[in-house]
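One structure is given here, and the rest of the page talks about it.
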Amino acid sequence: MSDAAQTPTQLLVQASVSGTMKVESRDGDNVGSVHAFMVHKGTGRATHAVLSLGGFLGMGKSFYPLPFALLQFDAVRDLYVVTIDKRVLEGGPSWANNAPVFDQAYADRVASYYGSNSEDLVVG
């Protein structure tokens, strides 16, 4: 077999959000914004939201993957409400410059940190 045949296909694709999708806490405090959604290629379903926190004028931002189930959409205010404390979020898996490979192991790490069910990224 060739190396290409043995290399697993990335099962998630990042779908960037073109505008600013605001994220607030349950108390109405600004948390950040949705930078992107991680979408499963096989099902077309968003499994995670990547939140952008901090920074100024595009500099110094950090990105935090969050299981999609931990967000609630508020259609009236057109924003997401995160159901966990911001301090918990800020202590979670994140990156500033180079995004990690979002494979099953990384999805399991994110789910474990937040105590949520792990997404099965296997197609089939």
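Summary of values
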| quantity | calculated |
| --- | --- |
| Identity of the residue in the range 40-50, out of contact with any His (no Cβ under 9 Å at 6 or more places or on another chain) and farther than 14 Å from Phe73 by Cα, that ends up surrounded by the fewest Cβ atoms within 10 Å (Cβ to Cβ) | Gly44 |
| In the range 75-94, residue nearest to Ser33 (Cα to Cα) [restricted to those that are of a type in the set (Asp, Glu) and open to solvent by 70 Å² or more (accessible area, probe 1.4 Å)] | Asp78 |
| Qualifying residue in the range 51-70 (condition: assigned to a loop (DSSP other than H, G, I, E, B), in contact (Cβ under 8 Å) with a residue 40 or more places away in the chain and open to solvent by less than 80 Å² (accessible area, probe 1.4 Å)) | no |
| Close pairs from the range 71-89: first in contact (Cβ under 8 Å) with a residue 60 or more places away in the chain and closer than 17 Å to Ser52 by Cβ, partner aliphatic (A, V, I, L, M) and surrounded by 11 or more Cβ atoms within 10 Å (Cβ to Cβ), Cβ under 9 Å, at least 6 apart | Lys86/Val31; Lys86/Leu53 |
| Any chance Ala107 is aliphatic (A, V, I, L, M), buried (at least 17 other Cβ atoms within 10 Å of the Cβ) and touching a His at 6+ places or on another chain (Cβ under 8 Å) | yes |
| Odd one out for Asn97, checked against (1) open to solvent by 70 Å² or more (accessible area, probe 1.4 Å); (2) assigned to a loop (DSSP other than H, G, I, E, B); (3) modelled with pLDDT of 90 or more | (3) |
| Condition check for Ser112: closer than 18 Å to Met38 by Cβ, among the polar types (S, T, N, Q) and open to solvent by 70 Å² or more (accessible area, probe 1.4 Å) | yes |
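The values are calculated or read from the model by the stated rules, or taken from the named source; none is laboratory data. In this text, all values refer to a predicted model and were calculated from it rather than measured experimentally. Please note: Cβ atoms are built from the backbone with ideal geometry, for glycine as well, and neighbour counts cover all protein chains shown. These area figures cover heavy atoms from the full protein model, side chains too; ligands, DNA and RNA do not enter into them. Shrake-Rupley method; radii C 1.70, N 1.55, O 1.52, S 1.80 Å.
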